[in-house]
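Everything below concerns the one structure shown next.
The values are calculated or read from the model by the stated rules, or taken from the named source; none is laboratory data. Bear in mind that the values here come from a model prediction, so they are computed numbers and not experimental data. No Cβ is skipped: glycine too gets one built from the backbone with ideal geometry, and neighbour counts run over all protein chains shown.
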Amino acid sequence: MLELKRLHYQPATANKPILQGISLKANSGHPILIAGASGSGKTTLVEVISGLTNPQKGIIYWQKVPIKANKRRWLCGVVFQFPERYFLGLTVSQELRLGHRRLSGKDQANALHKVGLSKIDLRKAPEQLSGGQQRRLAIAVQLLRRPSVLLLDEPTAGLDWSVRGEIIDLLTKIAKEQVLIVVTHEPELFKNLLSDVYRLEEGQLKPVTTLN
Ligand SMILES: Nc1ncnc2c1ncn2[C@@H]1O[C@H](COP(=O)(O)OP(=O)(O)OP(=O)(O)O)[C@@H](O)[C@H]1O
Ligand SMILES: [Mg+2]
């Protein structure tokens with residue numbers, strides 16, 4: 001279980017705190033959806049949880065033990081908004097092997113299978129894939145790191161309707177195995193994910209009961 005307790009965060013360059021007492025418990029099998037308007041602090045919260053930055057106040061626990069930023073970076077996989085902008089590999093295979101030089105053909109195939117990309121040509125450039133396939137590849141790259149916590153920042157941004165549905169189906173599958181936190185400004189798209197929904201507003205998380 002991942003637990004956030006009373007997190008406060010104000011970047012040095014900001015004139016007011018962005019997160020003001022964030023508490024949350026997240027378990028595998030129970031995806032968390034965090035909705036919030038543009039500028040409400042969703043991406044900032046992802047950065048804090050994943051250890052890219054440290055809150056000034058509050059504690060983050062993993063399995064009831066406080067966990068520092070450097071360890072959180074190992075614990076968490078993050079798929080940022082528009083992850084396809086950051087592909088580095090010249091081919092799909094290279095992209096999967098970044099950081100995993102000894103990744104076997106079988107492991108590559110498994111990772112691609114998990115995200116529904118079994119039939120893809122590994123020699124293709126990531127940029128040649130469709131928008132939805134690129135998003136799946138970015139998720140596969142993170143899954144290879146076997147993160148205990150997967151954080152997705154606006155996973156449906158910029159995708160068309162049919163592809164959005166596919167990504168949400170994929171997330172439903174992934175959520176069974178690990179802690180999954182999705183942040184979005186389009187929560188109504190995630191109705192089928194059966195998640196606990198919160199709204200980030202004025203630096204605080206408020207539970208949401210209906211998604212309409
Ligand atoms: N390093 C920083 N310095 C100053 N202000 C910052 C910093 N990081 C974020 N902010 C401010 O904090 C607020 C929250 O930003 P954040 O990117 O987390 O919002 P968001 O909810 O992800 O928005 P969007 O839906 O547009 O992606 C914004 O007003 C932003 O300008
Ligand atoms: Mg954002």
How about the range 1-43: which of its residues are within 15 Å of ligand 2 (Cβ to nearest atom) and either aromatic (Phe, Trp, Tyr) or more than 24 Å from residue 168 (Cβ to Cβ) (or both)? 9, 11, 14, 18, 19, 39
Need pairs with beta-carbon distance below 9 Å; first residue among the β-branched types (Val, Ile, Thr) and within the range 152-173, second modelled with pLDDT of 90 or more and surrounded by fewer than 17 Cβ atoms within 10 Å (Cβ to Cβ); sequence gap 6+ or separate chains. 156/186; 163/130; 163/131
When you look at residue 52, is it more than 8 Å from ligand 1 (Cβ to nearest atom) and either of a type in the set (Gly, Ala, Ser) or not in a strand (DSSP E or B) (or both), yes or no? yes
Within the range 149-203, restricting to residues that are of a type in the set (S, T, N, Q) and surrounded by 15 or more Cβ atoms within 10 Å (Cβ to Cβ), the one that is modelled with the highest pLDDT is 184
Among what's in the range 55-70 and is away from ligand 1 (no atom under 16 Å from the Cβ) and of a type in the set (A, V, I, L, M, F, W, C), pick the residue that is surrounded by the most Cβ atoms within 10 Å (Cβ to Cβ). 60
Can you tell me which of (1) more than 16 Å from ligand 1 (Cβ to nearest atom); (2) at pLDDT below 95; (3) closer than 22 Å to residue 192 by Cα is the one residue 130 doesn't meet? (3)
When you check residue 74 against the structure, is it in contact with a strand residue (DSSP E or B) (Cβ under 7 Å, 6 or more places away or on another chain) and of a type in the set (A, V, I, L, M, F, W, C), yes or no? no
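Of the residues 101, 146, 73, 85, only one is within 16 Å of ligand 2 (Cβ to nearest atom), among the basic types (Lys, Arg) and surrounded by fewer than 15 Cβ atoms within 10 Å (Cβ to Cβ); which? So that I can check it myself, show each step before the final result.
On the way: 101 fails: within 16 Å of ligand 2 (Cβ to nearest atom); 146 fails: within 16 Å of ligand 2 (Cβ to nearest atom); 73 fails: within 16 Å of ligand 2 (Cβ to nearest atom).
None of the other options fit; the residue is 85.
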Which condition number does residue 174 fail, the rest of (1) of a type in the set (Val, Ile, Thr); (2) farther than 20 Å from residue 2 by Cβ; (3) under 13 Å from the mean Cα position of the chain (by Cα); (4) away from ligand 2 (no atom under 16 Å from the Cβ) being met? (2)
Tally, over the range 1-49, of residues that are in a strand (DSSP E or B) and within 22 Å of residue 178 (Cα to Cα): 13
